[in-house]
Amino acid sequence: MRTAAVGILSAVFSAGVLAGTVLSVGGSAQRAPSESQCGSTGSPQLRTTLYFGLARPKGAVSELEWQLFLRDEVTARFPDGFTVWEAEGQWRRADGVVDHERSKVLLLVHPDTSAARASLQGLIDRYRKTFDQQSVLWETARVCAAP
């Protein structure tokens, strides 16, 4: 079920970016803020939130493994900064059972560029492969940001 949701979100995001609109997880359209809407000190950016599950078939992702992933993968792709916090996720599996999982949430504010999108996809792919994950949930929205 998580894989299907992530696939749908990916398709919605891609279609929204091409049309100049990003659709939120709830499905409402959000137009890109213009330079004038962001004021003299802000600029239009994307805010992307990634949800990394920590359970895997053979144990959990350790704090050391997570810190190394942040250092080697996240910081390398997004050196200007990010925010991370711990979370507890819940979802209904295809068989109707409600599952729970400890997670890490990563928030990034970045330009809307093909390089940033490629970095996000690379980050997701690397996490899935390294930690034997079925999916990484992500959402994005257009925002105004100031340094």
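Looking at the range 128-145, which of its residues are over 30 Å from S40 (Cβ atoms) and part of a strand (DSSP E or B)? Answer for the range 128-145, where residues must be over 30 Å from S40 (Cβ atoms) and part of a strand (DSSP E or B): L137, W138.
Number of residues in the range 95-127 that are over 13 Å from Q45 (Cβ atoms) and part of a strand (DSSP E or B): the value is 9. Here V61 fits the description: among the β-branched types (V, I, T) and more than 17 Å from the chain's Cα centre (by Cα). Criterion first (touching a residue at least 60 places away in the same chain (Cβ under 8 Å) and not small (G, A, S)) does P79 satisfy it? No.
Of everything in the range 33-79 that is over 19 Å from Q134 (Cα atoms) and of a type in the set (D, E, K, R), the residue that is surrounded by the most Cβ atoms within 10 Å (Cβ to Cβ) is R77. Within the range 56-87, the set of residues being more than 28 Å from A145 (Cβ to Cβ) and in a strand (DSSP E or B) comprises R56, G59, A60. Scanning the range 117-146 for residues that are in contact (Cβ under 8 Å) with a residue 24 or more places away in the chain and over 12 Å from the mean Cα position of the chain (by Cα) turns up R126, T130, F131, D132, Q133, Q134, R142, V143, C144, A145, A146.
Just so you know, all these numbers are worked out from the coordinates, no wet-lab data involved. It should be emphasised that the depicted structure is a prediction, and the values quoted were computed from it without experimental measurement. Counting neighbours? That spans all protein chains shown, and the Cβs are built from the backbone with ideal geometry, glycine included.
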